[in-house]
Amino acid sequence: MTVTTDVNRAPRVSERVALALVAQRAIAEMPGVRATSGPSGRWRTVGSQQIIPGVLAAESGAGRIDVELHLVALWPLQGSFEELAEQLRARLRRAAATAGMGARLGAVAVAFDDVLTDGERT
Amino acid sequence: MTDKIARPVSSAPQGKDIARRDDVVPLSSELGRTTIGEGVVTRVAGIAAREVSGVHDLGGGTARAIGSVTQKVGLGDPRTQGVSVETGEKEAAVDLTLVIDYGESIPRIAGAVREQIIKRVEGITGLRVTEVNITVNDLYFPGDDEPDEAPRVA
């Protein structure tokens, strides 16, 4: 069975939410980290039909959208926190450029909020 | 029993001279800011200590007893039990309470734990570890975890 999707019928999302979705994919594709919405669930971007945990995207007022990524690092780490953050920023900038939003992406803040060992990953 | 490290550049006693931040360690970057939660540094120090053979557990007897209760009611994080970290902009000081396996050399274990914590925390977070204060609170004997003998009478 073939399922076709009419992209024109897909609900439109703002660039802010679209960029948050790009960031969510960048995190998911990055080994050694996971997104986290935090213990109170406040680190997330909410669109009309989406909730994107671990990503805060906000207009910066200068025509750019700043992004804040909240992460859990998986032990053992593949480098230092700063190296992981730089790798993730590079991935996000590439992905945003591919999605045609490279010029809109502002500062990318990365926060490491927890570390999980093998036995703690569920 | 307390075993302290004195790094040559810093003389900060118990890390009290470390410029404090509230709960995060910020790292500058032209493309954005990287922050490491203080709890994360505590976690790294605790994981590093547990990597050393001969370390049975972290935390004192009372802390572990209270910890087991608070965990049962959903309070407290067992993963940071026995570890206290004070972080500044560029430095960190670690206080640690250990339970060591009986028969192991306490000085050797303390030295290995100190080296491992410094290696991990400095390598992963970029913070300079100014001191690692280790308190060996208890020794673990094989069989300590086994339940008490069954009553002799019904």
Strands (runs of 3 or more DSSP E) enclosed by segment B:80-146 - at least 2 residues per element that are hydrophobic (A, V, I, L, M, F, W, C) and free of Cβ contacts under 8 Å to residues at least 24 places away in the same chain: none
Output for segment B:96-130, where each listed residue is of a type in the set (A, V, I, L, M) and surrounded by fewer than 21 Cβ atoms within 10 Å (Cβ to Cβ): B:Val99, B:Ile106, B:Ala112
Checklist (1) free of Cβ contacts under 8 Å to residues at least 24 places away in the same chain; (2) facing chain B (nearest Cβ under 9 Å) applied to A:Glu83, failing item: (2)
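Tell me the residue from A:Leu77, A:Leu21, A:Leu84 that is over 30 Å from B:Arg50 (Cα atoms) and not in a strand (DSSP E or B), please. Explain how you work it out, then say what you get.
Details: A:Leu77 fails: over 30 Å from B:Arg50 (Cα atoms); A:Leu84 fails: over 30 Å from B:Arg50 (Cα atoms).
Sole residue among the options that is over 30 Å from B:Arg50 (Cα atoms) and not in a strand (DSSP E or B): A:Leu21.
Step by step: first the residues of segment A:39-63, then only those that are of a type outside the set (A, V, I, L, M) and surrounded by 15 or more Cβ atoms within 10 Å (Cβ to Cβ), then the one that is nearest to A:Gln87 (Cα to Cα). Which residue is that? Outline the logic, then answer.
Step one: of segment A:39-63, the residues of a type outside the set (A, V, I, L, M) are A:39-45, A:47-50, A:53-54, A:59-61, A:63.
Right, trim to surrounded by 15 or more Cβ atoms within 10 Å (Cβ to Cβ) and you get A:43-45, A:47, A:50, A:53-54.
Details: A:Trp43: 21, A:Arg44: 21, A:Thr45: 22, A:Gly47: 27, A:Gln50: 26, A:Pro53: 20, A:Gly54: 17 Å.
For segment A:39-63, the residue satisfying everything is A:Gly54.
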Positions within segment A:86-115 being touching a Lys or Arg at 6+ places or on another chain (Cβ under 9 Å) and either of a type in the set (Asp, Glu) or within 9 Å of chain B (Cβ to nearest Cβ) (or both), in sequence order: A:Gly106, A:Ala107, A:Val108, A:Ala109, A:Val110, A:Ala111, A:Asp114, A:Val115
Qualifying residue in segment A:54-66 (condition: at the interface with chain B (Cβ under 9 Å from one of its Cβ atoms) and either in contact with a Ser or Thr (Cβ under 9 Å, 6 or more places away or on another chain) or within 30 Å of B:Ala48 (Cβ to Cβ) (or both)): yes
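Coordinate-derived values only; no laboratory data. What you are looking at is a predicted structure, and each value in this text was computed from that prediction instead of being measured. With ideal geometry, Cβ positions are generated from the backbone for all residues, glycine too; neighbour counts draw on all protein chains shown.
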